[in-house]
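Values in this text are rule-based calculations from the coordinates and carry no lab data. Since the structure is predicted, the reported quantities are computational estimates derived from the model, not experimental observations. Every residue, glycine among them, receives a Cβ derived from its backbone with ideal geometry; neighbour counts consider all protein chains shown.
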Amino acid sequence: MSKRTAKPRDGQPFQLIEGREEILRHLRDELHQRMRGSVLDLVGKLFEEEVREVCGEPWSRKAEDAARRGGHERGSIHLEGRRVRVSYPRVVDSGGSHALESYRALRSYDLMAQDVQRKLLRGVSTRDYADIVSQIVEGTGLKRTTVSAAFVRASRKSLEEINGRDLSKHRFVALFVDGIEFAGTMLIVGMGMTTEGQKVLLGLREGHTENATVVGELLGNVVERGLALTDRFLAVIDGSKALRSAILKRWQGRVEIQRCQLHKTRNVLDQLPPSHQSDARRRMNAAYGLKDVAEAKKLLENTVRWLEGISEPAARSLEEGLDETLTVVKLGLPDLLRRTLATTNPIESILDGVRYRTGRVKRWRTGKGEMISRWTASALLLVEKRLHRVKGHKLMPMLQQKLKPESVDDARKVG
């Protein structure tokens, strides 16, 4: 910025921006103090309103067992990443003396933490983490450790939210379960698809491998939180034996398994030399695109025999779980629903959003503090806000119809 000058009456120029930084700092501090004072004034009015609602006006007559004012007490609330002292009213009723609900809520809620959380995730995803932290520090006058503590609190609440939300208000007809790895630690993430086609994150669990115990803990948690499933439903997985085992152990007889066709194709191609990969992909895609499950299975079995002359591991990879890659074909679903439910893409796209928002984290701390779970939960909730209903959501009643026992039995006979 160039220095602007002006001439006073004696004709001598002077610098208009002399002391500019000090003036701006003073104005910023003054504005900060006024905003903080306004927030505290609002908090005080909130307390007064709740006392009036619970106890009535001070001069009003009250029944013998009615709640009464119990004086004031010194306490603190979270404001801008630090504890701020406040005076709050207490209420006395038949259960004794207790603090206001609004005070208890503000004591556990950081009025800055959510903003810090959003900015830090953005900073990591845009490679400007250090700059974002510096902006927060300079803009608030807080220490870096205070900013970090605010993010920890906010991200911990995100983890508690995603693993504690009530799931009973939805009815799910499909589940997607997949894993995402950070620094050797595997996170198992669950997502449900409602009967209206809405995608809802169910929860996550941390482990060192994608094993049945970790998956079982995740499934047990979502059931405890009121997971409401249709009588029969679809589970879409990447082919992991641990995922399949845990799901069947809990819902054997109610669930149809769909193995991701893209994962199966990649697994087969990984076992082949480059010269045969395009031909193998063409054969598998042709089978997965057929509408008749018997024809699709026959084409895949022919592909297995063809692969045996090229790569025995590739042939065995395609053969393993072959029928479960054709579940959406067996059900006779419309093309839109088939494309949605034939792969784990609906949950993979969400996990890609997590990778984007955490891709610049240099050091993941495992164990104490749940850093990986907290960061992932924070990113998942941000991604979830942008989710739309799946393509073909108007056809979801047809999926429920096709999953009925009589429809599945007829499809198996055809198969």
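Descriptive notes on the structure:
- Net charge over other residues, Cβ less than 11 angstrom from the Cβ of ASN267 (K, R count +1; D, E count -1): +1
- One decimal place: the segment MET398-VAL223 gains 60.5 nm when fully extended, by the rule 0.36 nm per residue minus the C-alpha distance.
- Projecting label points 7 angstrom from Cα along Cα→Cβ for VAL54 and ASP352 puts them 5.0 nm apart.
- Sorting LEU395, LEU229 by the number of Cβ atoms found within 10 Å of their own Cβ, with the fewest placed first, yields LEU395, LEU229.
- Relative exposure of LYS199, LYS330, judged by other C-beta atoms within 10 Å (fewest first): LYS199, LYS330
- Over region 211-251: Rg over Rh, Cα atoms, Kirkwood Rh: 0.95
- Distance violations [Cα-Cα > 25 Å] among LYS157/LYS394; LYS264/LYS330; LYS249/LYS385; LYS249/LYS404; LYS330/LYS391; LYS264/LYS394: LYS157/LYS394; LYS249/LYS385; LYS264/LYS394
- Residues GLU295, GLU161 in ascending order of nearby Cβ atoms (within 10 Å, fewest first): GLU295, GLU161.
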